[in-house]
Amino acid sequence: MAIQRTQPDDTVSDDERAWWKEAVVYQVYPRSFNDSDGDGVGDLQGLVDRLDYVASLGVDVIWLNPVYDSPQEDNGYDISDYQAIYEEFGTMEDWETLLEEVHDRDMKLIMDLVVNHTSRDHEWFVESRQGNPEYEEYYIWREGDGDDLPNNWESFFGGSAWEYDEEREAYYLHLYDTSQPDLDWSNEDVRQDVFDTIEWWLEKGIDGFRMDVINLLSKVDGLPDGDPDSEWVGSEHFIDGPEMTEYLAAMDEQVLSNYDIMTVGEMPQLTVEEAREYADADGPLDMAFHFQHTKLDYDGDERWAVGEWDLTELKEIIGRWQNGLQDEGWNALYWENHDQPRVVSRYGDPVNYRRESAKLLGTFMLTLCGTPYIYQGQELGMTNAPWESMDEMRDVDAINHARELIESAGHESYEDVQDVVAYRSRDNARTPMQWDDAENAGFTDGDPWIQVNPNHDEVNVEAAEADDDSVLNYYRDLVDLRERKDVLVYGAYDDLLPDHESVYAYTRTMTENGDTEQVLVVLNFFDERPTVELPVEYDEATLLLSNYDRADDAPDTVSLAPYEARIYRLD
Ligand code: TEU
């Protein structure tokens, strides 16, 4: 007999349901997806050409990274015009075609909203640095003569968060690259201009936003020095600042609440308690990306060092988020995005068990409670690339930190820091999508803007399509299973083995109209062959999906092969 849970949180009422909870999202980084005109850079037409592929995954929503006009210092996260398309990606007409084609395939399109900062080339900044009274206060300026920094805050990309501007003879704040000045959200005109921009896009018919570093908008008055020992100096004064809730509530009231859309906030250093507040039913955010599970392989707090990771720590983090948002808020589930190295190279085994571990990690992401986000190429089991020299790297974050590492630790050359930089670089996510085994993986006829991963001769869509057992076809099965099983979307999560160091096993349970449905997920995260006893009760167990062909034992005593993943239904 299935475990009859009595907790009220097993049941799902109609008003707890939402289309964006039932959706699976696919993230497209347009610069690296598909190049239609041979200039080596992916583009909107290239994405349109591959929409049938995206639809074939069974996903419901596409999140498109920034395509707005931009000098591309941070690949489009430095926006110079919110209402224009970056020329190399195409035209506004191409974008409109994209939206139409996405909708024609019954998918939705969400756009990236980057409003903590603009590009230095944005008209607002150009006017602001000239001291035009209308825009003077649009950014965070502080007096100075170029010698004394206004405070000790650091840029996430390394170095001080202040840059001296010769023209205005003052410093401006940039929490990211020097080319990305922070907007001053305490200025009502800034807020109004941003809200107008949001409305302009919503009126064009998009289905929502992913909001870049949205918990950084409010900075503490007086901009006091931060704790010099903290992971990101100054962050206690600019993350979740005092006016955050007010700004978001205004955004919601004036614009977002008038549309049936989905919103997901990207929130560095987010805790589950904060997520509950941000994501409460009346707020503007449906869900948020936190970073806790992406830091397991840091060395302590240090991102530019690699440490051993621990499965029980992953369980502890995931459990906290699964349980913490069970009745308030909603999880955004992800392993990869354009900022994260490839997950198989971090938490799987890219050499001996690439296929098995990619499937295992996918099973995990698609059987938790929340909305899953698959990043392009994750469904192929794409891996990190080699990065033999600095010349091959494109990412401002990786390049700055590689330089810092070389200087600070008394190293002499890139070779001395290559291991950590190649492992951590965001460029790993940005190598071109691997369509086939041709010279440039079918991504472009020209010279790709960034190297193609040499393993594209083996790991590519064409090969995966022809192989029933591919990671790609397994992802399709996972998405399909999730779309058919409400319990995988809404069911309550119970960790069966919180202390086990290599096997992760949990149930998902949902009660509806008095019937309880239960699914059991068993995951062996390493290359050992453990046998585990599981505290489950059932009359009948049906294996729904597995990445091995040999799962014949009953789910109360399970012997697992390396990186084996199984999903059972228990009745
Ligand atoms: O990223 C914010 C950010 O700080 C992280 O995503 C960071 O890259 C991550 O913690 C690394 O583990 C967003 C965008 O996603 C990123 O591409 C931009 O560079 C950044 O904002 C600035 O807009």
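FYI, it's all coordinate maths here, none of it is from the lab. On a predicted model such as this, the values are computed, not experimentally measured, just so you know. Neighbour counts are summed over all protein chains in view; Cβ atoms, including those assigned to glycine, are modelled from backbone coordinates with ideal geometry.
One table, with the values for the structure above:
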quantity: Check on residue 439, more than 16 Å from the ligand (Cβ to nearest atom) and under 24 Å from residue 472 (Cα atoms); calculated: yes
quantity: Test for residue 226: is it surrounded by 18 or more Cβ atoms within 10 Å (Cβ to Cβ) and touching a helix residue (DSSP H, G or I) at 6+ places or on another chain (Cβ under 7 Å); calculated: yes
quantity: Residue list for the range 94-107, restricted to those being over 17 Å from residue 43 (Cβ atoms) and either touching a helix residue (DSSP H, G or I) at 6+ places or on another chain (Cβ under 6 Å) or within 16 Å of the ligand (Cβ to nearest atom) (or both); calculated: 105
quantity: Residue in the range 494-517 that is in contact with a Leu (Cβ under 6 Å, 6 or more places away or on another chain), over 23 Å from residue 317 (Cβ atoms) and in contact (Cβ under 8 Å) with a residue 40 or more places away in the chain present; calculated: no
quantity: Qualifying residue in the range 259-275 (condition: away from the ligand (no atom under 16 Å from the Cβ), of a type outside the set (Ser, Thr, Tyr), surrounded by fewer than 17 Cβ atoms within 10 Å (Cβ to Cβ) and part of a helix (DSSP H, G or I)); calculated: yes
quantity: Residue list for the range 233-258, filter: assigned to a loop (DSSP other than H, G, I, E, B) and of a type in the set (A, V, I, L, M, F, W, C); calculated: 233, 239, 255
quantity: Residue ID - nearest to the ligand (Cβ to nearest atom), chosen from residues in the range 108-137 that are polar (S, T, N, Q) and touching a residue at least 12 places away in the same chain (Cβ under 8 Å); calculated: 116
quantity: Matching entry among 58, 144, 90 (being under 24 Å from residue 221 (Cβ atoms), of a type in the set (Gly, Ala, Ser), more than 16 Å from the ligand (Cβ to nearest atom) and touching a residue at least 24 places away in the same chain (Cβ under 8 Å)); calculated: 144
quantity: Test: residue in the range 546-558 that is closer than 26 Å to residue 374 by Cα, touching a residue at least 24 places away in the same chain (Cβ under 8 Å) and of a type in the set (A, V, I, L, M); calculated: no
quantity: Output for the range 411-436, where each listed residue is outside any loop (DSSP other than H, G, I, E, B), more than 16 Å from the ligand (Cβ to nearest atom) and either free of Cβ contacts under 8 Å to residues at least 24 places away in the same chain or of a type in the set (Asp, Glu) (or both); calculated: 415, 416, 417, 419
quantity: Residue identified as within 15 Å of the ligand (Cβ to nearest atom) and part of a loop (DSSP other than H, G, I, E, B) among 384, 400; calculated: 384
quantity: Qualifying residue in the range 321-332 (condition: within 16 Å of the ligand (Cβ to nearest atom) and over 25 Å from residue 15 (Cα atoms)); calculated: no
quantity: Residue in the range 291-326 that is nearest to the chain's Cα centre (by Cα), counting only those that are assigned to a loop (DSSP other than H, G, I, E, B) and free of Cβ contacts under 8 Å to residues at least 40 places away in the same chain; calculated: 291
quantity: Index of the failed condition, residue 84 passing every other in (1) buried (at least 20 other Cβ atoms within 10 Å of the Cβ); (2) without any contact (Cβ under 8 Å) to a residue 60 or more places away in the chain; (3) over 30 Å from residue 470 (Cβ atoms); calculated: (1)
quantity: Selection count where residues are touching a helix residue (DSSP H, G or I) at 6+ places or on another chain (Cβ under 7 Å) and farther than 16 Å from residue 326 by Cα, scope the range 360-373; calculated: 4
quantity: Matching residues, the range 281-296, being within 30 Å of residue 250 (Cα to Cα), buried (at least 18 other Cβ atoms within 10 Å of the Cβ) and within 12 Å of the ligand (Cβ to nearest atom); calculated: 289, 290
quantity: Given (1) surrounded by 16 or more Cβ atoms within 10 Å (Cβ to Cβ); (2) under 30 Å from residue 10 (Cβ atoms); (3) in contact with a Gly (Cβ under 9 Å, 6 or more places away or on another chain), number of the condition residue 480 does not satisfy; calculated: (1)
quantity: Subset of the range 126-156 (residues that are assigned to a helix (DSSP H, G or I) and either buried (at least 23 other Cβ atoms within 10 Å of the Cβ) or among the charged types (D, E, K, R) (or both)); calculated: 127, 128, 129
quantity: Selection from the range 147-168 of residues that are more than 16 Å from the ligand (Cβ to nearest atom) and touching a residue at least 24 places away in the same chain (Cβ under 8 Å); calculated: 150, 151, 152, 165, 167, 168
quantity: Per-region count, the range 447-465, residues of a type outside the set (S, T, N, Q) and in a loop (DSSP other than H, G, I, E, B); calculated: 7
quantity: Residue list for the range 297-320, restricted to those being within 12 Å of the ligand (Cβ to nearest atom) and within 19 Å of residue 360 (Cα to Cα); calculated: 297
quantity: Test result for residue 67, in contact (Cβ under 8 Å) with a residue 60 or more places away in the chain and surrounded by 22 or more Cβ atoms within 10 Å (Cβ to Cβ); calculated: no
quantity: Residue among 450, 374, 406 that is β-branched (Val, Ile, Thr) and within 16 Å of the ligand (Cβ to nearest atom); calculated: 450
quantity: Within the range 169-201, considering residues that are charged (D, E, K, R) and assigned to a loop (DSSP other than H, G, I, E, B), the one farthest from the ligand (Cβ to nearest atom); calculated: 169
